[in-house]
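Note sheet for the following structure.
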Amino acid sequence: MKKHILSFSILMTGLLIMNSCSKSWLEVEPKGTSLETNYYKNPQEAYNGLISCYDPLGTECGSTYSNKIGPLNAASDDCYAGGGSSSDVPAWQVWNNYTIDPALGIQGDFWDRNFTGVYRTNTLLSKLGDIPGLDDVTKARYIAECKFLRAYFYFDLVRLFRNVPLFTSPLAPSEYFNVTQASPEAVYDQIEKDLTEAIPDLPETVPTDENGRVTRTAAVALLGKVILTQNDESRMLEAAELFEQVNTSPHYNLLPDFGQIFRADNKFNRESIFEIVHTSKQMAGWETWPNFDGNVYTQMCGARAYTGPTYVAGWGFNPIILDFVNIMKQDPRYKYTIINIDSLKVAGVSNYEKGYQNTGYFVAKYAPLQEFYSTIGGDPVINYPNDYIEIRLADTYLLEAECLVRGGGDLGKAQDYLDRVRARVGLPSIPATLENIKLERRLELATEGHRWFDLIRWGDAAAKLAFKGFTPNKNEVLPIPLEELSNTKLVQNPGY
């Protein structure tokens, strides 16, 4: 468990610009601005500042419920938005049916979360050179962590919005309304620069009490993903070499039991490369909104009004689309990916309320299990301890295989990595073609928030998401949030 990260993220709530979920990054005087001249006076305050840089990773709520993977699942061909009705969490519904517009959608929370992260990392980077008592090795690591985090936040921003402002230092208030968007190429160049500079000063591993802090391998894996996502076929082998460093690391291996990967009592297992932590120890109540350290998505994706064994009643979001259920049914990963609640009802062992877009099938990887229902305080529905594994080894195996196939590299190695992922669950070898690798990614990584990004970078979204109303040359990105266009020089994305 990321004990230090979480304890300090709670400590910093209300102290260091923790208003990100409800305020724009263009706010005239962001909270914390006046504090910065007096803060960062010693190593402990530098460490506190570092924790504040990590904090946006685990954002579950903002102006609405805005964890990262739920809306991404709703936008994909794996899940619907679901919920109680067509008006339940409208920000998810409009991405699910591609009626999203600048005034209504999830984009405001995604924008705020990531630019808050950028703002915090830029602030700390600007202060680290002048902190008495901070030794050079620690300083170098803090700088590397900030650069990794800034790269991570910008990678989400450029994939979600494409056209975003690029900041590498804090802005003066007088500059806020004059910023313009950088080209996607410039943003990707900065991301690559940050990661390349971060890698040498990050630790190969971290001790248990630092779980959640970034490692060198995580940065290498993210750099590989960044290069791959740009779809430059001439750089595929460059990305493959980065993934090879990850895939041959002695610190990681595939778990023999697929069902153990996502359990809340198996955090930071040998397959997890970069993991975002949640905890029940905050014991949050609703008065804490939106600063929850528990995993609220776990509650959201459970079956509504469920009664019966194993699970706790949830809110019915992200029901699995039947076409995908049928694809998964013959796969050994099915029972660890999809819960057939209807079958339990038919068997007479449970009951539930059929919500909006109900199919009877629900997300298993983050399901609200009774054994992890918090009893230590606060409201249990907002205090689930389930982590989000952002990067894991099966993901990087398949990414390397894809790069090798697309780049004309070692096809035998591509075959080996595809075979390893399938053999783990008892499946036979199939040829390492691009289409087979695409399908394997869908089956292996289902409901983990990768599918929508994969469809976009492959150019498959228009065909795969047409049934949901996806409009080509528009819905590949989100609209710039409406409030960010007021009295600024930002320009709306095409089609919006």
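Criterion applied to ASN295, ASN326, ASN358 was being out of contact with any helix residue (DSSP H, G or I) (no Cβ under 8 Å at 6 or more places or on another chain) and open to solvent by less than 40 Å² (accessible area, probe 1.4 Å), and the one residue passing it is ASN295. Residues of the range 45-69 that are over 24 Å from THR447 (Cβ atoms) and open to solvent by less than 20 Å² (accessible area, probe 1.4 Å): ALA46, ASN48, GLY49, LEU50, ILE51, SER52, CYS53, TYR54.
Candidates ILE376, ILE389: the one that is modelled with pLDDT under 95 and among the aliphatic types (A, V, I, L, M) is ILE376.
Answer yes or no as to whether ALA151 is in contact with an Asp or Glu (Cβ under 6 Å, 6 or more places away or on another chain), open to solvent by less than 50 Å² (accessible area, probe 1.4 Å), under 30 Å from THR279 (Cβ atoms) and of a type in the set (Gly, Ala, Ser). So ALA151 fits the description; yes. Can you find a residue in the range 167-177 that is within 14 Å of ASN114 (Cβ to Cβ), crowded, with 18+ Cβ neighbours inside 10 Å and either touching a residue at least 12 places away in the same chain (Cβ under 8 Å) or among the small types (Gly, Ala, Ser) (or both)? Yes, the range 167-177 has at least one match.
Considering only residues of the range 78-114 that are of a type in the set (Asp, Glu), over 16 Å from the mean Cα position of the chain (by Cα) and open to solvent by 10 Å² or more (accessible area, probe 1.4 Å), which is nearest to GLY302 (Cα to Cα)? Out of the qualifying residues, it is ASP88. The residues of the range 248-276 that are open to solvent by less than 30 Å² (accessible area, probe 1.4 Å), over 13 Å from TYR366 (Cα atoms) and among the β-branched types (Val, Ile, Thr), listed by number, are ILE273, ILE276. The condition (being under 28 Å from LYS267 (Cβ atoms) and open to solvent by less than 10 Å² (accessible area, probe 1.4 Å)) is satisfied by just one residue among ALA303, ALA313, ALA364: ALA303. Listed conditions (1) open to solvent by 40 Å² or more (accessible area, probe 1.4 Å); (2) modelled with pLDDT of 95 or more are all met by ILE321, apart from (1). Scan the range 244-254 and give yes if some residue there is at pLDDT 95 or above and at positive phi, otherwise no. No, the conditions are met nowhere in the range 244-254.
Contact map, the range 75-100: residues that are at negative phi paired with residues that are in a helix (DSSP H, G or I) and small (Gly, Ala, Ser), Cβ distance under 7 Å, separation 6+ or inter-chain. Pairs shown: TYR80/ALA74; ALA81/ALA74; TRP92/GLY70; TRP92/ALA74; TRP95/ALA74; TRP95/ALA75; ASN96/ALA74; ASN96/ALA75.
Scoring LEU202 on the criteria (1) buried (at least 22 other Cβ atoms within 10 Å of the Cβ); (2) closer than 28 Å to TRP452 by Cβ leaves a single failure, condition (2).
Filtering ALA186, ALA219 for residues that are open to solvent by less than 30 Å² (accessible area, probe 1.4 Å) and small (Gly, Ala, Ser) leaves a single hit, ALA219.
The values are calculated or read from the model by the stated rules, or taken from the named source; none is laboratory data. Keep in mind it's a predicted model, so treat the numbers as computed, not measured. For neighbour counting, all protein chains shown are included, and Cβ atoms are generated from backbone atoms with ideal geometry for every residue, glycine included. Side chains included, ligands, DNA and RNA excluded: accessible areas come from the protein's heavy atoms. Shrake-Rupley method; radii C 1.70, N 1.55, O 1.52, S 1.80 Å.
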